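Below is one structure, written out as structure tokens; the observations come after it.
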2 protein chains.
Amino acid sequence: MLNKQSPLPMYYQIEEDIKKRIAKQEFLPGESIPSERALTEMYDVSRMTVRQAVNNLVQEGLLYREKGKGTFIAEAKMEQSLSGLTSFTEDMKRRGLKPGNKLLSFEVKEAGSPLAKKLGMEADERVYEVRRVRLADDVPMALETTYIPYGLMPELTEEHIQQSFYAYVEALGFTIGRAEQAIEAALADEYQAEALEIPLHAALLGIERLTFTTDGRPFELVQSAYRADRYKFLAEIHRN
Amino acid sequence: MLNKQSPLPMYYQIEEDIKKRIAKQEFLPGESIPSERALTEMYDVSRMTVRQAVNNLVQEGLLYREKGKGTFIAEAKMEQSLSGLTSFTEDMKRRGLKPGNKLLSFEVKEAGSPLAKKLGMEADERVYEVRRVRLADDVPMALETTYIPYGLMPELTEEHIQQSFYAYVEALGFTIGRAEQAIEAALADEYQAEALEIPLHAALLGIERLTFTTDGRPFELVQSAYRADRYKFLAEIHRN
DNA sequence: TGTGTATGCTGGTATAGACAACTATATGCC
DNA sequence: GGCATATAGTTGTCTATACCAGCATACACA
């Protein structure tokens, strides 16, 4: 069942196996999975290892525990992984749309005061400024401006941005951690209306996202304006 | 340092102690905390117990680990607990505003098909429908409609809703788990414009929230329309 | 009939130890 | 000086075991 020689940790293999069984409906929502002691025998590992696997699945929301009773399958989620930090591209694919891109500009300029404050840098330091129209099934979906501190990655090119910026960031040795998002509603001005092919004063969903590495350094500020008629922002939140 | 007789688990006491030290700036952002083995000696517990405490703090985002190097203090967050499931009241208090309430209606009616589907009930079952204007510093902030399955809590009154609905739900023995939120932009119609004291076709932020108990049953659907000129939705998200 | 109580299940907490994988520093050699 | 290598320290994974606390059921007794 498990491969003890694999470089993948045992608890991870157990997680994957349980996930697979849930997907295959071997375990159904509301039912309990085998007890920790039973899993210990099934997988021939210690109970602590089983607990580490089950804990991770509880954390993900796939399972929930009840002391004295057992561990149960949670109800299926409305959409796969509503939460989580994803790119526009991933987001659109998940919605079953074909993501696209139109680069409007790619420049390096002085940050200026408000931007510098958000990105944790000095006002006279430089940032990349990338403007794009984001397409879904070839229709304009959002107008997006991305700011990245020049000092963090002086080798950045248009190609990196157009392919997978997050992969590039991680290749540089940074680890992407969390992001803070502010979401607001607004009305389209002339420039936005033209770029997004919508009427003047149509409703827009504005999203500003500041993304941090795991050690807490901001490395990206994205300001987006989504067409309200075509986009809904989905999020999943937890108590505590 | 720790109380081994306390009913509070040791790992929890260790968590609290580390939190306190971070708050007291004994440990500063970017610095490492003592190694797991050092903490083992400091608290006179086993290393697994230390790891359980540290893991929880990593989960909360207060610390981050680097293999082979150590465990470090994360940067302070922009706002306390941006994520997390909170009520309008808590939300407004955190923003430094005085929350208020104007009840428009409180009825029990048949759910109807689309609502029933979201709440996981039959179309001919009944729901509470509560309409309110939510105030912040005595100014209208949002128009809110809440739907609750009648069968789940047949004793519900206006008072419960107006005081602390979540506290009432938990007193009934339910445990509040997660919520799914959809956020979109819209323009104010006549009814909304009047209730919120804004111009017709002003921008609104629409939030629909479906809240679940830990065993996966939906117990509340809230549809809100926030004034875009006064409200921004803040969220924190994590990679994976 | 009903009501304690014993029993055996569940997850929750905790110990002590082991080895692996990774990182930084110091050491010695060329 | 520069470069490989040893070494000590870190987190990551895993074992085997123990006892506690909550829950459900069966059973004996009043």
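The values are calculated or read from the model by the stated rules, or taken from the named source; none is laboratory data. Just so it is clear, the structure is predicted and the values come from calculations on it, not from any experiment. Cβ: placed from backbone, ideal geometry, glycine included. Neighbour counts: every protein chain shown. These accessible areas exclude ligands, DNA and RNA; they are computed on the full protein's heavy atoms, side chains included. Shrake-Rupley method; radii C 1.70, N 1.55, O 1.52, S 1.80 Å.
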Of the residues that sit in the range B:56-67 and are open to solvent by 30 Å² or more (accessible area, probe 1.4 Å) and part of a helix (DSSP H, G or I), which one is farthest from A:T175 (Cα to Cα)?
B:N56
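Which one is farthest from B:K67 (Cα to Cα), of the residues in the range B:3-43 that are of a type in the set (K, R) and near DNA strand C (Cβ under 10 Å from one of its atoms)?
Top of the filtered list is B:K4.
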Quick count over the range A:32-47, residues being in contact (Cβ under 8 Å) with a residue 40 or more places away in the chain and open to solvent by less than 40 Å² (accessible area, probe 1.4 Å), is 3
For A:I161, which of the numbered conditions (1) facing chain B (nearest Cβ under 8 Å); (2) among the hydrophobic types (A, V, I, L, M, F, W, C); (3) in contact with a Phe, Trp or Tyr (Cβ under 8 Å, 6 or more places away or on another chain) fails to hold?
(1)
Residue hits (the range B:163-201; surrounded by 19 or more Cβ atoms within 10 Å (Cβ to Cβ) and assigned to a loop (DSSP other than H, G, I, E, B)) are B:A188
When residues of the range A:16-29 are filtered for being within 16 Å of DNA strand D (Cβ to nearest atom) and open to solvent by less than 40 Å² (accessible area, probe 1.4 Å), how many remain?
2
Residue pairs meeting the criteria (Cβ under 7 Å; at least 6 apart or on separate chains; first touching a residue at least 40 places away in the same chain (Cβ under 8 Å), in the range B:188-210; second surrounded by fewer than 18 Cβ atoms within 10 Å (Cβ to Cβ) and charged (D, E, K, R)):
B:L210/B:K118
Of these, B:R178, B:R131, which one is in contact with a Ser or Thr (Cβ under 9 Å, 6 or more places away or on another chain), more than 22 Å from A:A186 (Cα to Cα) and more than 14 Å from chain A (Cβ to nearest Cβ)?
B:R131
Name the single residue, out of those in the range A:212-232 being facing chain B (nearest Cβ under 9 Å) and hydroxyl-bearing (S, T, Y), that is nearest to B:I207 (Cα to Cα).
A:Y231
On the given criteria, is B:A195 over 19 Å from the mean Cα position of the chain (by Cα), over 23 Å from B:A111 (Cα atoms) and within 12 Å of chain A (Cβ to nearest Cβ)?
no
Taking the condition buried (at least 21 other Cβ atoms within 10 Å of the Cβ), at negative phi, of a type outside the set (D, E, K, R) and touching a residue at least 12 places away in the same chain (Cβ under 8 Å), does B:L143 pass?
yes
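For every residue, the table says whether it meets (1) modelled with pLDDT of 80 or more; (2) more than 13 Å from DNA strand D (Cβ to nearest atom); (3) crowded, with 16+ Cβ neighbours inside 10 Å.
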| site | (1), (2), (3) |
| --- | --- |
| A:T49 | yes, no, yes |
| A:V54 | yes, no, yes |
| A:K69 | yes, no, no |
| A:F72 | yes, no, yes |
| A:S81 | no, yes, no |
| A:F88 | yes, yes, yes |
| A:K102 | yes, yes, no |
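A quick yes/no check of all residues on (1) outside the structural domain of B:Q192 (by TED's automatic domain parsing); (2) out of contact with any Cys (no Cβ under 9 Å at 6 or more places or on another chain); (3) touching a residue at least 24 places away in the same chain (Cβ under 8 Å):
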position	(1), (2), (3)
B:L63	yes, yes, yes
B:P114	no, yes, no
B:S164	no, yes, yes
B:A167	no, yes, no
Residue check: is B:G173 on the phi > 0 side of the Ramachandran plot and free of Cβ contacts under 8 Å to residues at least 12 places away in the same chain?
yes
Would you mention how many residues in the range B:146-159 are outside any strand (DSSP E or B) and surrounded by 16 or more Cβ atoms within 10 Å (Cβ to Cβ)?
4
